[in-house]
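Bear in mind these aren't lab numbers, they're just calculated from the coordinates by the rules spelled out. Here the structure is a predicted model, which is why all the values come from computation and not from measurement. All Cβ positions, glycine included, derive from the backbone under ideal geometry; neighbour counts span all protein chains shown.
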Amino acid sequence: MDLTEYVRHDATALAELIAAGDITPTELLSLARRRADAVNPALNAIVARMDDAADARTADPGLSGPFAGVPFLIKDLAQEYRGYPTSCGSRSLARHVATEHSEVTRRFLDAGLVIFGKTNTPEFGAKGVTEPEFWGPARNPWNTDHTPGGSSGGSGAAVAAGIVPAAGANDGGGSIRIPAACNGLVGLKATRGLAPFGPITGEPKFGMVVQGVVSRTVRDAAALYDAIVGATDGSVYPTPGPPASFATAITSAPARLRIGYSTASAINPHPHPEAVAAVEHAATVLTELGHHVEEVTPPQDDAALARDFLTIWFASLATEVDATRALTGATDRDFEADTLALAELGRSAGVVAAMSALDEVNNHVLALAAFHRTHDLFLTPTLATPPLRVGATTTPALLQTASRVIAKVRAGKLLARTGVLDDLIEQSLGWVPYTQLANLTGRPAISVPLHWTADGLPLGVQFVGRLGADGDLLALAAQLEQAAPWAHRYADITI
């Protein structure tokens with residue numbers, strides 16, 4: 001097998017070749033490394049290699065599992081690998097070595113995957129772009145002037161560039177779906193509690209964050225989620241598994257679905273025409289497949305939801321920064337200015353603001369539940385604009401200096417009175433206003449790559465389902481993949 005053949009196989013196909021004896025895990029790992037060596041300098045998708053661990057895996061005659069011998073990458077955030085640092089995109093944790101595997105990493109390993117590196121992520125996963133100061137920005141293989149999204153942007157870029165057919169990811173506000181949409185991939189944000197955290201941490205941010213993958217094909221997504229879902233003894237939000245495997249669910253077309261769609265957003269009242277075109281194209285394909293599709297008013301107040309989401313996020317970030325200081329002795333110099341400012345906003349808002357935002361989650365859940373009484377799925381763009389240019393959201397140097405001063409003197413209340421939260425909502429979520437709904441409500445959502453812009457950039461669409469409807473979302477994605485194939489499309493990165 002040469003590199004051209006390698007990049008055109010998904011994980012399922014590679015596993016079948018290994019099982020048939022047509023190629024060895026060592027040979028596949030060599031191809032993945034060669035591909036990484038060729039394209040990663042332009043993409044900065046992989047920030048740490050784990051070659052010793054990978055070599056030991058491929059040399060193990062007892063390597064087994066549904067993906068035995070398939071090369072894989074994990075995200076450098078909340079997917080710890082024993083004996084290696086997990087930096088979370090931050091200088092503050094760059095030398096903090098994990099003493100044990102995270103549960104999801106263990107399940108990836110149990111599936112037989114050969115993990116040989118960690119992918120780029122913004123500091124603490126706090127942005128929808130992947131541009132950490134410590135590692136430098138990741139870039140989109142479809143056009144390296146643009147972002148691969150975040151926070152699983154390194155994973156998205158690596159899969160789209162053919163380094164691996166799928167990679168580890170997680171999602172606290174769109175961090176699987178945004179990179180999937182930016183890179184032309186499949187990205188499922190699972191039902192809260194379905195894929196495990198622990199044992200190092202529980203489910204972060206009150207279950208808003210979930211583990212998962214990004215992949216080129218739906219069948220890979222289904223089989224990889226089959227490998228990782230299931231509660232542990234330490235699960236805070238244990239969720240019953242699917243009635244049948246996801247791999248089985250995608251073998252049958254879904255029954256006729258009632259799908260409501262909207263591109264409306266109070267955060268971004270004028271989404272890009274390409275985002276609108278993406279949803280209109282999806283609606284056309286769905287109608288041709290026999291589903292009932294109609295335009296609807298969004299079920300949620302997305303401006304209120306965004307404020308509640310960021311209030312909870314900033315409060316959690318404040319505790320994360322404080323915990324990191326205690327763990328590593330990190331100082332302000334070890335954190336980005338934006339991180340310090342956002343953490344100070346969360347700290348100064350106080351416990352009442354955070355608890356009030358958590359109380360409001362119930363209203364968002366009830367609004368979405370009411371919608372799902374009449375519609376099976378809610379369809380939106382995944383992104384309100386095509387992937388941004390790298391650097392588009394970078395805070396100017398003068399404001400970064402001011403942020404450090406404000407954080408140092410604990411002047412968060414003064415900062416809050418300037419209306420900065422509203423500005424942050426517009427700047428941080430204005431191009432991705434659709435994804436936080438699923439995280440706050442705990443519902444599953446999937447981004448599928450049905451649209452490419454006139455400039456050749458992917459721009460996915462998102463479906464939000466009822467609680468536990470992960471299999472239904474994957475089944476619909478498989479139907480769409482068959483009707484409007486995307487896996488044959490490759491980013492124009494030289495092999």
Next item on the list: Restricting to region 34-128, compute how many DSSP beta bridges are antiparallel as a %, nearest 5.
Entry: 50
Next item on the list: Treat each spin label as a single point 7 Å out from the Cα along the C-beta direction, and report the ALA277 to THR24 distance in nm.
Entry: 4.9
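Nearest 0.05, what FRET efficiency do ALA38 and ALA370 give at R0 = 41 Å with Cβ-Cβ as r?
0.20
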Next item on the list: Compute the distance in nm between two label points, each set 7 Å from the Cα along the Cα-to-Cβ direction, one at THR331 and one at VAL236.
Entry: 3.2
Item checked: Cβ-based charge dipole, the chain, positive-most Cα from ALA36, THR393, TYR225 -> THR393
Check: Between ALA48 and residues 5 or more places away or on another chain, which pairs have amide H atoms under 5 Å apart, with H built 1.01 Å from N, and which residues are they?
Finding: LYS118
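By counting other Cβ atoms within 10 Å of each Cβ, how are SER245, SER447, SER428 ranked from fewest to most?
SER245, SER428, SER447
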Margin query: Need the list of lysines near LYS75 for cross-linking: C-alpha distance under 23 angstrom, and skip anything on the same chain fewer than eight residues off.
Written below: LYS118, LYS127, LYS189, LYS205
Note to self: Full-extension gain between ASN362 and ALA392, please, as 0.36 nm times their residue separation minus the C-alpha to C-alpha distance.
What the structure shows: 7.4 nm
Checklist line | Nearest-20 debye value, region 326-384 charge dipole, Cβ charges on Lys, Arg, Asp, Glu | finding: 200
Checklist line | Ratio Rg/Rh, restricted to the chain and using Cα atoms, in which Rh is the Kirkwood radius | finding: 0.94
Check: At 222 nm, what helix-only mean residue ellipticity would the chain give, in deg cm²/dmol to the nearest 500, using -39500 (n - 2.57) for each DSSP H run of four or more?
Finding: -13000 deg cm²/dmol
Notebook entry, point to check: With +1 on each Lys and Arg Cβ and -1 on each Asp and Glu Cβ, how big is the dipole of the chain about its Cα centre, in debye rounded to the nearest 20?
Noted result: 680
Notebook entry, point to check: Relative to a virtual label point 7 Å from the Cα of ASP60 in the Cα→beta-carbon direction, which members of region 10-53 show backbone nitrogen distances below 15 Å?
Noted result: 25-26, 51-53
Next item on the list: In square nanometres and to one decimal, what's the mean projected area of the convex hull around the Cα atoms of region 273-429?
Entry: 12.0
Check: To the nearest 20 debye, what is the magnitude of the charge dipole of region 273-429 about its Cα centre, counting +1 on the Cβ of each Lys and Arg and -1 on the Cβ of each Asp and Glu?
Finding: 880
Item checked: Tensor-based shape of region 1-159 (alpha-carbon gyration tensor, a/c under 1.5 rounded, otherwise prolate or oblate) -> oblate
Check: What share of the DSSP beta bridges in the chain is antiparallel, in percent to the nearest 5?
Finding: 70
